[in-house]
1. Which residues does a label at residue A:26 reach in the range A:64-108, if reach means a backbone N under 19 Å from a point 7 Å past the Cα toward the Cβ?
2. If R0 is 41 Å, what FRET efficiency do you get for residue B:41 and residue B:71 from their C-beta distance, rounded to 0.05?
3. Residue separation times 0.36 nm, minus the C-alpha to C-alpha distance between residue A:15 and residue A:44: what's the value?
4. Compute the semi-axes of the equivalent ellipsoid of chain B, taking the square root of 5 times each eigenvalue of the Cα gyration tensor, and list them largest first in whole Å.
5. How many nm is it between the label spots at residue A:112 and residue B:84, if each spot is 7 Å from the Cα in line with the beta carbon?
6. Report the label-to-label distance for residue A:5 and residue B:61 in nanometres (one decimal), using points 7 Å from each Cα along the Cα→Cβ vector.
7. Kirkwood hydrodynamic radius for the protein assembly as shown: how many Å is it when counted over pairs of different Cα atoms?
8. Measuring from a point 7 Å past the Cα of residue B:26 along Cα-to-C-beta, which residues in the range B:70-99 have an amide N at less than 15 Å?
């Protein structure tokens, strides 16, 4: 089955630590996205990538970093500079960047800072 | 900037009753519109989408939405609620000429037995 996998499902971080969230897709989609979800705030875009080896900041990129070395993979690192990282993180993809496509989502990673 | 407003962060209905979740967008040019559903601790999945082919759009699980340009609305309805419909629902838009999806704040639907 084609889809998006995210790991781990739950992640706990101590203050001052960097952590990396994994996102892998086997849909052969060009574009991938990272969102942060907080209660009552909908989804906010952190970073997106339209093609391998290229990515752009979204609306709330501060304290986060990404890489896109392979088409199927788009990991997100939450750095110690992110002051309030506790949230639900969602990875998504679309077939390409040029049309009005719906987004395909992974199951999410819930990050908690201890 | 384009925005999406969902009226009501929480909606409660009885099983078998009509479901109505409201969504309004801000744009003089009709965008592409979507409704997504999210079950607890899961990702979002597409319910339906409007791409200008028809103003009444049918989706999965018996849901439908009607695009009304004069009201800049795209409300989601289902004639008879089922317990399994309890979830959070997000309205979203892609502005004409853009490609990034803009999500509303979400409406949590509760279904009472």
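1. Taking a point 7 Å out along Cα→Cβ of residue A:26, the residues of the range A:64-108 whose backbone N falls under 19 Å are A:70-75, A:91-95, A:104-108.
2. Values: r = 34 Å, r/R0 = 0.84.
With a Förster radius of 41 Å, E is 0.75.
3. Values: separation 29, 0.36 × 29 = 10.44 nm, distance 2.25 nm.
My answer for the length gained is 8.2 nm.
4. Details: eigenvalues 109, 41, 30 Å².
One finds semi-axes of 23, 14, 12 Å for chain B.
5. 3.0 nm
6. Here the modelled spin labels are 2.6 nm apart.
7. Working: mean 1/r = 0.0551 Å⁻¹.
With all distinct Cα pairs of the protein assembly as shown included, I get 18.1 Å.
8. Hits in the range B:70-99 for residue B:26 at 15 Å: B:72-73, B:93, B:95.
Taken together, the values in this text are just the output of simple stated rules run on the coordinates, not laboratory data. All values derive from a computational prediction rather than experimental measurement. Reconstructed Cβ throughout: ideal geometry from the backbone, glycine too, with neighbour counts over all protein chains shown.
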